[in-house]
């Protein structure tokens, strides 16, 4: 059994494709917990239209941030052995959960990501076979195995100017692709709910304190670039001042994470009101 955490915020344009890709997984034994972070559009209404009792919507009445939202869902709703993440802009290959779960069980892994097919929002999604030689679509692979010993070497390669090329040298997993062992997440106290930047990187570093991180080589996840995202393509200023500022803040998070003790923390999310909606038939 897998519990999936999907955080949404004004995701109306992409949420239907995202959820359809989850419901179409060949591995069907999952719960989908959608944390909507006080969207101002019709995201929640579109999710409610999916009549599937595996879907539970937690509709927040206050914007508390993605990482705090994940903590709330993890602590209060996730009960399965494994927890998967998914981003609302993206969609998964039908075999994603099956392949990740099979690998995690056989290898007793704490954290498993995948290779990613990335595409630009103004062009229709491309198949994996079309990725090569297509300027609007690219394959992005992550290190197959990452260990704690890799970190200091990677950190030393990061410059102080926030260049994107340096940022790319420090890759763990594409956050939306990850399957975690829930016991590890619970032991660590979840994500850093006090920040809205790079808490996923902080989590990966803390996991590496006692575990390895794995990335499957197969493309099992499709990531959408769009102009509102800080991780958008070169066409919208990947080396812009805004992007450089983000990279420097992320580097600061990495440095603090490497030095910070203990790696185990208290779960944090602010007090907020919310509605629970079950998407039953």
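Before moving on, here are some points about what is shown:
- Which listed residue, of 5, 47, 22, 15, is at pLDDT 95 or above and under 23 Å from residue 197 (Cβ atoms): 5
- Annotation note: of 202, 192, 122, the sole residue that is at pLDDT below 80 and either out of contact with any strand residue (DSSP E or B) (no Cβ under 7 Å at 6 or more places or on another chain) or over 21 Å from residue 111 (Cα atoms) (or both) is 122.
- Scanning the range 57-70 for residues that are within 12 Å of residue 6 (Cβ to Cβ) and touching a helix residue (DSSP H, G or I) at 6+ places or on another chain (Cβ under 9 Å) gives 57, 58, 66, 70.
- Only a single criterion out of (1) surrounded by fewer than 23 Cβ atoms within 10 Å (Cβ to Cβ); (2) closer than 25 Å to residue 220 by Cα; (3) at pLDDT 95 or above is not satisfied by residue 83, namely (1).
- Residue 70 vs. criteria modelled with pLDDT of 95 or more, under 25 Å from residue 104 (Cβ atoms), surrounded by fewer than 21 Cβ atoms within 10 Å (Cβ to Cβ) and touching a strand residue (DSSP E or B) at 6+ places or on another chain (Cβ under 8 Å): no
- In the range 183-201, the residues that are touching a helix residue (DSSP H, G or I) at 6+ places or on another chain (Cβ under 7 Å) and at positive phi: 190, 198
- Some residue of the range 210-217 being in a loop (DSSP other than H, G, I, E, B) and either over 27 Å from residue 269 (Cβ atoms) or at pLDDT below 65 (or both): yes
- Annotation for the range 90-102: at least one member residue is under 22 Å from residue 198 (Cα atoms) and crowded, with 21+ Cβ neighbours inside 10 Å.
- Selection of the range 1-43 for residues being in a helix (DSSP H, G or I) and crowded, with 21+ Cβ neighbours inside 10 Å yields 15, 18, 19, 22, 43.
- Residue that is surrounded by the fewest Cβ atoms within 10 Å (Cβ to Cβ), among those in the range 164-188 that are part of a loop (DSSP other than H, G, I, E, B) and modelled with pLDDT under 95: 169
- Scanning the range 95-113 turns up no residue that is modelled with pLDDT under 95, in a strand (DSSP E or B) and out of contact with any helix residue (DSSP H, G or I) (no Cβ under 7 Å at 6 or more places or on another chain).
- Test for residue 85: is it outside any loop (DSSP other than H, G, I, E, B), closer than 26 Å to residue 212 by Cα and in contact with a helix residue (DSSP H, G or I) (Cβ under 9 Å, 6 or more places away or on another chain): yes
The values are calculated or read from the model by the stated rules, or taken from the named source; none is laboratory data. Owing to the predicted nature of the structure, the values given are computational and were not obtained by experimental measurement. So basically every Cβ, Gly included, is an ideal-geometry build from the backbone, and we count neighbours across all protein chains shown.
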